[in-house]
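See below for the structure under consideration.
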Amino acid sequence: MKSAFVWVALVLVLAALAAAPFFMQAYGLGLLIGLMGYVTLASAWALFSGRTGYISLATVAFFGIGAYMVAAFNEVLPYPLVLVVAALAGLALALVVGLSTLRLAGVYFVIFTFGLAELVRQLVTWYEINVTGTLGRYIFMSLGPEHIYWQLLALAAATLFITWRIDRSRLGLALRVIADDEVVAAHLGINLARTKLALFALSSVIITLVGAVQAPRWTYIEPAIAFNPTVSFLTLVMALLGGASRLWGPVLGAVPLFLLFEWLSANFPNHYSILLGLLFIAIVFAVPKGIVALVETRFRTNERAFRPVAMEAEGKP
Amino acid sequence: MSATLLTLSSLSKRFGGLVAVNEVSFQVAAGEIVGLLGPNGSGKTTVLNMISGSLRPTAGSIDLAGARLSGLAAHRIAALGVARTFQLVRILPSLTVGENVLAALAFRSKPLWGREARDRADALLEEVGLAGRGEERAADLTYIDQKRMELARALGAEPRLLLLDEWLAGLNPAELRLGINLIAALREKGMTILLVEHVMEAVRALCGRAVVMNAGVRIAEGATADVLADAEVVRAYLGGADD
Amino acid sequence: MLVTTIINGLVLGGTYALVAMGLTIQYGIARIMNLAYGETIIAAAFLAFVLNGALGIAPLPSLLIAAPAGFALSYVIYGLMLRPLVRRSGGGAGLEVNSILATFGLLFVIQGIMLVLFGGDYISYSYMNFGVDVLGASVAANRLLALVLAVVLGGGLYLLLTRTLWGTALRAVAVAPQSAPLVGIDANRAARFAFALGGALATCGGVVISMYQTFTASSGVIFTMKALIVVILGGVGNLAGALSAGLLLGLVETLVATYVSPGLTLAAVYHIFLGVLLWRPSGLFGKARR
């Protein structure tokens with residue numbers, strides 16, 4: 001009975017959100033698009049990082065690739081196919097990153113993702129200068145802002161639904177076991193690398209799609225715009241503040257922080273990133289449990305995975 | 001004697017310059033309980049870790065009923081039917097007691113999930129003496145109950161070979177009695193068990209055969225009573241690790 | 001051509017080695033994964049730029065300002081920001097996550113301050129910009145000076161850490177932080193000192209870099225990245241490893257920039273990183289952990 005009520009309420013909220021563009025001015029809709037984008041980004045980020053403890057600093061690498069794929073293919077392919085191409089590009093990058101780092105301790109993954117956006121930005125820049133000969137691209141598409149909004153809303157709803165399903169599935173249990181103790185997880189028959197890789201790929205594809213769907217908003221795009229590191233940073237802050245291991249956590253973090261960031265960037269454009277940084281440090285200090293409760297356990301197990309089990313036994317050197 | 005289940009051939013493990021296990025060979029037949037004995041630091045747990053896949057052997061091989069285990073990752077070995085408990089009990093602290101067992105059911109080679117899995121988990125908890133406690137947080141259990149839960153988790157995998165690493169250590173006499181009975185009951189069901197144990201009372205009561213290691217080398221193997229009377233074994237234990 | 005390239009590679013590699021030594025000290029001894037490390041480097045580069053332009057102090061003497069400033073700033077940052085995190089984690093593993101997150105925030109703060117002060121343009125100044133003949137190739141004097149400085153500073157630090165009692169104490173903390181108090185070493189003080197020392201190396205590196213490279217307020221990330229890769233390549237906490245790995249990275253990067261494309265240097269760096277991760281995660285010069 002209770003769950004039926006929750007479902008009805010969710011459908012009503014979704015319907016109300018879907019109807020929002022009919023009652024809004026351009027500015028309000030623009031705000032809503034940005035908000036929905038970050039809700040999806042933070043939720044998708046948390047789907048992997050919040051559940052495995054591998055902190056990804058590369059959100060914008062995937063986001064930017066999605067945007068760039070749209071810029072590159074919007075005039076040669078029909079729109080749905082453009083999205084497919086973007087998703088595949090994000091998937092390919094996720095597999096490269098995941099296969100090379102997810103078998104190792106979390107810190108290698110953090111380091112790898114830390115420079116990844118910069119690497120992709122340089123590669124795209126290099127390609128554009130040396131192969132296509134121009135740096136910027138224009139995106140002329142007849143998609144109105146309300147269509148972009150609806151796509152993002154659908155993507156956000158899908159992300160939350162997928163997360164909800166995963167949390168209740170065997171995969172969800174596997175993730176919780178891995179977060180608690182990787183050694184036990186492996187001894188129960190869980191394939192650690194494949195589980196993490198699958199989740200990372202899923203999360204990355206969603207993030208790529210957010211970038212792809214939002215791309216037409218820019219009309220002009222160049223690497224410095226598409227690969228703006230602030231996107232990675234904001235996503236991380238929102239998800240962590242809200243609680244990255246819970247279904248609704250990232251949403252709860254994204255809504256107030258997005259509005260705050262909008263206000264900050266409108267009123268303090270020059271000091272924006274200083275304020276962001278200070279705010280983030282404050283969050284790390286003020287809500288440590290909200291931030292690390294889950295992530296922490298992961299790194300502990302990770303360290304254990306580094307040292308073989310034998311070390312705790314029999315007084316080995 | 002019944003068919004050989006586990007075969008270790010010239011198994012060795014080196015940590016840098018230290019040879020923890022040196023050319024150890026022995027076999028375990030299906031349905032028997034074998035004790036792996038030896039003083040601290042003799043390499044017993046390292047052998048167990050190599051069987052379960054926590055460690056990769058430096059040399060030698062491990063086979064389980066014709067399948068080569070050595071070199072496989074731990075999750076592959078688990079899928080082939082090896083389950084274990086850990087010397088320092090390893091619970092999944094953020095999960096409930098029931099979920100700890102459920103985790104074993106959900107990821108074994110013939111997985112169980114949903115209603116069926118919950119029933120099976122409840123039955124396993126009952127079997128180890130934790131009936132009706134599935135909803136409690138694993139971290140809140142007492143040490144002995146955590147050990148029980150760990151055993152239920154290992155049994156949940158329906159292993160062909162169960163590895164117990166000092167599962168009876170740290171129990172008081174009454175608990176020890178219960179523990180021995182629990183393992184004896186598993187033997188009645190035909191479970192094959194390799195156990196590392198210092199509690200000689202348990203070894204005498206449970207193990208038909210024993211393998212003794214010292215300084216990484218196998219120094220004796222045979223019927224438990226004979227092995228424990230062996231002069232070299234007594235010398236290895238000099239100072240009375242026989243607690 | 002090749003000789004020039006190799007010398008330029010050694011110059012760049014020397015700088016990387018110098019900078020990575022600071023990071024490997026911070027991570028190896030203080031256990032802080034400092035993602036704002038590159039911002040410290042760039043801040044020092046700006047300092048040298050300002051001192052050179054506005055006050056007429058040449059980069060070489062400005063090292064005498066930059067190094068203590070880097071030391072003091074890092075000392076304060078450790079005390080204010082990181083020490084509470086260390087205390088909270090109680091030596092546990094939460095520290096790694098916390099320090100990554102906190103210094104990631106710090107990165108944006110320092111970068112933001114530099115953007116406000118200097119804007120986002122590429123900056124450079126001219127210092128000892130004349131050619132010197134080395135083995136028949138012409139090499140800019142400022143680059144040779146950079147190499148000499150890297151050797152002197154890096155070598156000095158190496159001797160300090162390996163040949164003095166005080167250095168041995170620091171390295172002891174790196175190996176066994178729990179046991180250090182048993183032999184009378186204050187691990188907390190050692191960690192703070194190590195973090196500050198790493199900061200001083202970063203600022204020295206920044207001044208050296210500013211002598212021969214252009215930079216922007218947002219270049220820090222790349223330097224952090226390269227320093228991290230050098231540290232992993234050399235093995236965490238391993239000074240000699242950082243030296244060799246830094247030189248290797250500088251050579252590879254310069255060769256790629258000269259013979260392939262300057263736009264692909266980071267890609268080359270990542271290739272090396274990938275290779276190491278797949279082949280020897282404990283580092284080329286690190287001891288295998290298993």
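The values are calculated or read from the model by the stated rules, or taken from the named source; none is laboratory data. Predicted model only: the values in this text are computed from it and were never measured. Positions of Cβ are generated from backbone atoms using ideal geometry, with glycine treated the same way; all protein chains shown enter the neighbour counts.
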| query | On the given criteria, is residue C:115 part of a helix (DSSP H, G or I), facing another protein chain (nearest Cβ under 10 Å) and either over 20 Å from the mean Cα position of the chain (by Cα) or within 30 Å of residue A:239 (Cβ to Cβ) (or both)? | reply | yes
| task | Return the total of residues in region B:22-60 being surrounded by fewer than 23 Cβ atoms within 10 Å (Cβ to Cβ), β-branched (Val, Ile, Thr) and closer than 20 Å to residue A:182 by Cα. | result | 0
| query | For region C:188-290, which helices (runs of 4 or more DSSP H) that fit wholly inside it have 3 or more residues that are modelled with pLDDT of 90 or more? | reply | C:220-234, C:239-259
| Among (1) loosely packed, with under 15 Cβ neighbours inside 10 Å; (2) within 21 Å of the chain's Cα centre (by Cα); (3) more than 30 Å from residue A:269 (Cα to Cα), the one test that residue C:122 misses | (3)
| field | Residue check, residue C:183 free of Cβ contacts under 8 Å to residues at least 24 places away in the same chain and closer than 21 Å to residue C:64 by Cα | value | no
| remark: Counting only residues that are farther than 17 Å from residue C:278 by Cα, facing chain C (nearest Cβ under 7 Å) and crowded, with 20+ Cβ neighbours inside 10 Å, region A:102-132 contains a total of 5
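So that you can scan it fast, the table gives a plain yes or no per residue for (1) more than 26 Å from residue C:191 (Cβ to Cβ); (2) modelled with pLDDT under 90; (3) small (Gly, Ala, Ser); (4) out of contact with any strand residue (DSSP E or B) (no Cβ under 6 Å at 6 or more places or on another chain):
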{"residue": "C:11", "(1), (2), (3), (4)": "yes, yes, no, yes"}
{"residue": "C:58", "(1), (2), (3), (4)": "yes, yes, yes, yes"}
{"residue": "C:61", "(1), (2), (3), (4)": "yes, yes, no, yes"}
{"residue": "C:65", "(1), (2), (3), (4)": "no, no, no, yes"}
| note | When region B:177-218 is checked residue by residue, the ones that are part of a strand (DSSP E or B) and out of contact with any Leu (no Cβ under 8 Å at 6 or more places or on another chain) are B:209, B:214, B:217, B:218
| request: Would you tally the residues in region C:36-83 being touching a residue at least 12 places away in the same chain (Cβ under 8 Å) and farther than 23 Å from residue C:150 by Cβ? | output: 8
| request: For residue B:98, state whether it is more than 11 Å from chain A (Cβ to nearest Cβ) and on the phi > 0 side of the Ramachandran plot. | output: no
| request: May I ask you to list the residues in region C:190-217 that are within 14 Å of chain A (Cβ to nearest Cβ) and either free of Cβ contacts under 8 Å to residues at least 60 places away in the same chain or in contact with a helix residue (DSSP H, G or I) (Cβ under 6 Å, 6 or more places away or on another chain) (or both)? | output: C:217
| task | Please specify each residue of region A:22-62 satisfying the condition of being of a type in the set (Gly, Ala, Ser) and either outside any helix (DSSP H, G or I) or surrounded by fewer than 19 Cβ atoms within 10 Å (Cβ to Cβ) (or both). | result | A:26, A:28, A:30, A:34, A:53, A:56, A:58
| message | For region A:185-206, give me each residue that is surrounded by fewer than 24 Cβ atoms within 10 Å (Cβ to Cβ) and within 11 Å of chain B (Cβ to nearest Cβ). | response | A:191, A:192, A:193, A:194, A:195
| query | If we only count helices (runs of 4 or more DSSP H) wholly inside region A:168-270, which ones have 2 or more residues that are more than 30 Å from residue B:157 (Cα to Cα)? | reply | A:192-214, A:223-226, A:230-242, A:249-267
| task | Could you tell me whether residue B:227 is surrounded by 17 or more Cβ atoms within 10 Å (Cβ to Cβ) and not in a helix (DSSP H, G or I)? | result | no
| field | Complete set of residues in region A:207-241 that are under 14 Å from the mean Cα position of the chain (by Cα) and among the small types (Gly, Ala, Ser) | value | A:211, A:212, A:232, A:239
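When region C:145-170 is examined, which residues are found to be of a type outside the set (Gly, Ala, Ser) and surrounded by 18 or more Cβ atoms within 10 Å (Cβ to Cβ)?
C:145, C:147, C:149, C:153, C:157, C:161, C:170, listed by residue number.
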| query | Do the conditions hold for residue C:18, that is, is it away from every other protein chain (no Cβ under 13 Å) and either part of a helix (DSSP H, G or I) or of a type in the set (D, E, K, R) (or both)? | reply | yes
| Do the conditions hold for residue A:232, that is, is it closer than 30 Å to residue C:119 by Cβ, within 13 Å of chain C (Cβ to nearest Cβ), in contact with a helix residue (DSSP H, G or I) (Cβ under 7 Å, 6 or more places away or on another chain) and at pLDDT 90 or above? | yes
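Quick check: is even one residue across region B:158-178 small (Gly, Ala, Ser), out of contact with any His (no Cβ under 8 Å at 6 or more places or on another chain) and crowded, with 20+ Cβ neighbours inside 10 Å?
At the first step, the residues of region B:158-178 found to be small (Gly, Ala, Ser) are B:169-170, B:174.
Among the residues that remain, those that are also out of contact with any His (no Cβ under 8 Å at 6 or more places or on another chain) are: B:170, B:174.
Checking which are crowded, with 20+ Cβ neighbours inside 10 Å leaves us with none.
Checking region B:158-178: not a single residue is small (Gly, Ala, Ser), out of contact with any His (no Cβ under 8 Å at 6 or more places or on another chain) and crowded, with 20+ Cβ neighbours inside 10 Å.
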| task | Kindly list the number of the only condition in (1) in contact with a Lys or Arg (Cβ under 9 Å, 6 or more places away or on another chain); (2) surrounded by fewer than 17 Cβ atoms within 10 Å (Cβ to Cβ); (3) among the aromatic types (Phe, Trp, Tyr) that fails for residue C:75. | result | (2)
| task | Select from region C:89-116 the residues that are out of contact with any His (no Cβ under 8 Å at 6 or more places or on another chain) and β-branched (Val, Ile, Thr) and write down the one among them that is modelled with the lowest pLDDT. | result | C:97
| Taking the condition at pLDDT 90 or above, under 22 Å from residue A:145 (Cα atoms) and out of contact with any strand residue (DSSP E or B) (no Cβ under 6 Å at 6 or more places or on another chain), does residue A:219 pass? | no
| Test set (1) touching a residue at least 40 places away in the same chain (Cβ under 8 Å); (2) among the small types (Gly, Ala, Ser); (3) in contact with a helix residue (DSSP H, G or I) (Cβ under 7 Å, 6 or more places away or on another chain) - residue B:30 fails condition number | (3)
| field | Selection within region A:146-179 - within 14 Å of chain B (Cβ to nearest Cβ) and either on the phi > 0 side of the Ramachandran plot or among the small types (Gly, Ala, Ser) (or both) | value | A:169, A:172, A:174, A:179
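For (1) within 14 Å of chain C (Cβ to nearest Cβ); (2) at positive phi; (3) at pLDDT 95 or above, each residue gets a yes or a no:
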residue: A:41; (1), (2), (3): no, no, yes
residue: A:48; (1), (2), (3): no, no, no
residue: A:57; (1), (2), (3): yes, no, no
residue: A:62; (1), (2), (3): no, no, yes
residue: A:76; (1), (2), (3): no, no, no
residue: A:90; (1), (2), (3): no, no, yes
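So which of B:70, B:42, B:61 is closer than 26 Å to residue B:6 by Cβ and facing chain A (nearest Cβ under 10 Å)?
Working: B:70 fails: facing chain A (nearest Cβ under 10 Å); B:61 fails: facing chain A (nearest Cβ under 10 Å).
Every option except B:42 fails the conditions.
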